[in-house]
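No value in this document is a laboratory result; all are computed from the given coordinates. Bear in mind the structure is a predicted one, so any value in this text is a computation, not a measurement. Every residue, glycine as well, gets a Cβ built from its backbone with ideal geometry; the counts of neighbours run over all protein chains shown.
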Amino acid sequence: MLWQLFLICLLIWILVVRWQNRGKREVAKYLKNNIGNLPFLGIGHKFIGSDEDRMTTFRAIAAESNRNDGITSFWLGNHLFVTITDPVEAEAVLKNCLEKDSILRFVKALIGNGSIFAPVSIWRPRRKVLAPTFGLRNLNQFVNVFSEQSNIMADRLAEASDKGTFSIWKYMTSYTMDSVGETTMGTKLGIQKQDNHPFLVKFERLAELVVARTLMPWLHTDFIYKFTPYYKISIEMINYMTSFVRKIIKEKRKAIEDGSNKKDAIDEQNNGTGRPATKCLLELLIDYSGGDKGYTDLELQEETMVMLLAGTDTTAVGASFVMVMLSKHQDVQEKVYQEVLEVMGDEERPVSAEDLPRFKYLDAVVKETLRLYPPVPITARETDKDYVLPSGRKIVKGTGVIIHIWGTHRNPKYWGPDVEVFRPERFFDLQLAHPAAYMPFSYGPRNCLGYQYATMSMKTAVATLVRRYKVLPAEYIVQDGDKPLRVKYDFMMKHVDNFQVQLVRRK
């Protein structure tokens, strides 16, 4: 009897969902794909497997979209996603559909209403407070931190140089976490000097769990997820990370209140160098939001977690891809090296804020790397009403829209026949047919505020390393020209071979 009741309820649920999705099914009919949707699962089964398998599916979706004039669709469970790789259509969505898609909600367990995924009603007023903190004047002061931490990384890499193939990832992600920790919270985490630091380990493991849940529709329901072993692990990691940040916020507030913040900043950040004290992003947020009458501790915690989350992995992935591409293209690396020498001279000194704008060719190398290998290959929005795109195609309310950055950057209509070729020079004479054709940090009102921060950190790190080391490809790599790198999707898009290279100390 119970089974009969269950089947009846299941049938009713299916019929209700089909009725609710009748408009979406019409959209799916004229935005067909050849990827292979299954009943109830959609293409969810294609995300089962390794992280590389997941990215292979996303690449197939991008190719399908580019074959169909920059747009296609697929189902994930009972949720329809329209995928766009045409910048004209993408711009319309990113400027008009400001709500992030609900599939991104699983990150909210860590960041709460942090601005990156917050509802528009929360995001809009926070954006006004956050924007000034990322002004160029503030960012230029952070270059001292980037330079100091990148020199620590270069020193640590001496243990791996001249010894064959190794992964540069752990060195790069430790560098970015230390840099982000100091610039965001004013705290020296010391991750580069401590292998397997618990904050970094828990951060990376939590990212893996979030991605796995996002791409498996059968784990979307909280009731089911709480019965899996992943739930307990994720809660433990979230509690550790949020407690860590809350403690620092309370200490920072107390330091401001008792007037000792300036002395602490000099002692802890300057480390005896004598350079002027720099306010960290957390202190700037407290100031710009109104001090004691501004953001609550919870709001500060949410935005601090966003900066830690976005700043660490985005920069580490981008810089690591740059190092791999330099290893594959020795002629490009030599041009970067000569430019660094020309800008900095023979004097052994750290990279300064004044140096960064002068690294013209390095800037082009970073941009071309981010075109081919954007750390965040997709972003998702949800339509709050029916929309008609510039092409005349209609998207109905409640549809998820994936702006496929990887696919847009490889759309031959906008990038030409050499779209797969690594050619930094294209950014010297580039006249984009549409500004949204290049958007490694998204586009429109909800683009990434920290794009300059990330770029400055990447350029500082790469210039520091290239000046000291020559980067060679991994020993098992044969000459493969412009053969694309194998990539995987793990919260960010990463190299399957974990960014393996060789370093040889320059004489």
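What lysines sit close enough to Lys32 to cross-link, taking a C-alpha to C-alpha distance under 16 Å and skipping anything fewer than 8 places away on the same chain?
Output for Lys32: Lys24, Lys394.
Using +1 on the beta carbon of Lys and Arg, -1 on that of Asp and Glu, and nothing else charged, what's the dipole of the chain about the Cα centre, debye to 20? Show your work: numbers first, answer last.
Values: 68 positive and 59 negative charges, 271 e Å.
Dipole about the Cα centre, nearest 20: 1300 debye.
Go through the range 313-321 residue by residue and turn each phi into a ³J(HN,Hα) via Karplus (6.51, -1.76, 1.60, θ = phi - 60°); whole Hz please, and just put x for glycine and proline.
Rounded to whole hertz, the list is 6, 4, 5, 5, 5, x, 5, 5, 4.
So, with +1 on the Cβ of K and R and -1 on the Cβ of D and E, and no other charges, what is the size of the charge dipole of the range 456-507 about its Cα centre, to the nearest 20 debye? Walk me through the numbers on the way to the answer.
On the way: 11 positive and 5 negative charges, 90 e Å.
Value, rounded to 20: 440 debye.
Towards the positive end of the charge dipole of the range 28-505, with charges on Cβ (+1 Lys, Arg; -1 Asp, Glu), say which of Gly416, Ile48, Phe134 has the farthest Cα.
Ile48
When N is the residue count of the range 293-352, what does its C-alpha Rg come to as a fraction of 2.2 N^0.38 Å?
Numbers: Rg = 18.6 Å, N = 60, 2.2 N^0.38 = 10.4 Å.
Scaled against compact globular proteins, the figure is 1.78.
Most exposed first by the Cβ proxy, i.e. fewest other Cβ within 10 Å, how do Leu209, Leu432, Leu485, Leu282 rank?
Values: Leu209 20, Leu432 11, Leu485 17, Leu282 25.
So the ranking, lowest neighbour count to highest, is Leu432, Leu485, Leu209, Leu282.
Can you sort Thr133, Thr408, Thr56 by how many other beta carbons sit within 10 Å, fewest first? Before the final figure, lay out the partial values.
Numbers: Thr133 24, Thr408 30, Thr56 18.
Going from least to most buried by this count: Thr56, Thr133, Thr408.
Determine which aspartates and glutamates satisfy two conditions relative to Lys95: a Cα distance under 15 Å, and not lying fewer than 8 residues away in the same chain.
Result set, ordered by chain and number: Asp86, Glu382, Asp384, Asp386.
Between the alpha-carbon centers of the range 37-113 and the range 193-224, tell me the distance in whole angstrom.
Cα centroid to Cα centroid, the span is 20 Å.
Considering only Ile405, Thr173, Ile61, whose Cα is most displaced toward the positive end of the charge dipole of the chain, charges sitting on Cβ of Lys, Arg (+1) and Asp, Glu (-1)?
Ile61
Looking at the square roots a ≥ b ≥ c of the eigenvalues of the Cα gyration tensor of the range 114-196, which shape do they give, rounded for a/c under 1.5, prolate if a/b is larger than b/c, or oblate?
prolate
Which one, [x] 1.44; [y] 1.32; [z] 1.00, gives Cα Rg over 2.2 N^0.38 Å as derived from the coordinates shown?
[z]
Which lysines have a Cα lying under 19 Å from the Cα of Lys163, excluding residues fewer than 8 positions away in the same chain?
List returned: Lys328, Lys470, Lys507.
Of Phe146, Tyr453, Leu503, whose Cα points farthest to the positive end of the dipole of the chain (charges on the beta-carbon: +1 Lys, Arg; -1 Asp, Glu; origin at the Cα centre)?
Tyr453
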